[in-house]
1. Of the residues Leu92, Leu161, Leu138, which exhibits the maximal mean-square fluctuation in a Gaussian network model of the chain defined by a 10 Å Cα contact cut-off?
2. What spacing in nm lies between the two simple spin-label points modelled at Gln77 and His165, each 7 Å away from Cα in the Cβ direction?
3. Can you list the trypsin sites (Lys or Arg not before Pro) in segment 81-184 that are in a DSSP coil and have 14 or fewer other beta carbons within 10 angstrom?
4. Identify which of Val158, Val171, Val24 has the largest mean-square fluctuation in a Gaussian network model of the chain, with springs joining Cα atoms closer than 10 Å.
5. Running a GNM on the chain with Cα contacts under 10 Å, which residue among Ser144, Ser25, Ser134 ends up with the highest mean-square fluctuation?
6. Give me the percent of accessible area attributable to carbon and sulfur for segment 62-184, probe 1.4 angstrom.
7. Please give the charge dipole size of segment 57-150, origin at the Cα centre, charges +1 on K and R Cβ atoms and -1 on D and E Cβ atoms. Round to the nearest 20 debye.
8. Can you compute the charge dipole magnitude of the chain about its Cα centre, using +1 on each Lys and Arg Cβ and -1 on each Asp and Glu Cβ, nothing else charged? Give it in debye, rounded to the nearest 20.
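The values are calculated or read from the model by the stated rules, or taken from the named source; none is laboratory data. Nothing here was measured: the structure is a model prediction, and the numbers come from that model. Every residue, glycine among them, receives a Cβ derived from its backbone with ideal geometry; neighbour counts consider all protein chains shown. Remember, those area values only see protein heavy atoms, side chains included, never the ligands or the DNA or RNA. Shrake-Rupley method; radii C 1.70, N 1.55, O 1.52, S 1.80 Å.
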Amino acid sequence: MSFVSDLVEHPAQTAPPSRSLTAVSDEPAHVRGAFGRFPSGVAAICAVVDGSPVGMVASSFSVGVSYSPAMVMFSVQNASTTWPVLEGAGRLGVSILGGDHADACLQLASRSRDRFAGLSTTATDAGALFVDGSTMWLDCEVLSTTPAGDHRIVVMQVHGLSVDHDAHPLVYQQQRFHRLSGLG
């Protein structure tokens with residue numbers, strides 16, 4: 001018996017709590033607070049550009065856009081000053097940050113300090129830059145960008161990958177970092 005059919009054949013005995021919808025506010029903090037309830041992994045998107053490391057973080061990163069060819073996507077704010085530099089790189093390194101990377105994440109997201117000071121990284125000959133100790137590395141190329149409100153959706157093709165099956169991902173939810181535990 002499938003889960004769905006089980007639900008149909010055995011409806012809940014109690015009524016769900018009363019809930020209502022509210023209109024979406026024009027205030028970004030209202031939406032950000034609601035969307036913050038959704039846990040997400042954190043990706044560092046980095047490259048070596050003109051001999052220097054450049055990077056940013058994204059909690060909007062999504063895998064499985066396509067499996068053949070392999071594609072991923074994320075969204076970036078239109079106001080970002082880092083994305084225009086990264087967008088021109090031939091290859092981007094995407095590092096899915098591990099549970100021990102909370103400080104590295106804050107550093108890579110900083111607007112006021114050296115984003116790479118003290119971070120251990122690995123670069124490819126094509127310029128993709130990866131954060132060591134991450135759960136996964138993806139060597140990507142930008143395929144398209146699409147306007148989406150105050151953001152742009154970026155779709156990338158994955159050309160290479162490396163997975164550390166022993167590392168657990170960093171999770172971001174409700175403006176805090178969390179570590180997954182008890183994974184098999």
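1. Of Leu92, Leu161, Leu138, the most mobile in the Gaussian network model is Leu161.
2. 3.9
3. Answer by residue number: Arg111, Arg113.
4. Evaluated over the chain, the most mobile residue of the options is Val24.
5. Judging by the Gaussian network model, the answer is Ser25.
6. Whole-percent figure for carbon plus sulfur exposure: 50.
7. Dipole of segment 57-150, to the nearest 20 debye: 160 debye.
8. Computed about the Cα centre, the dipole is about 460 debye.
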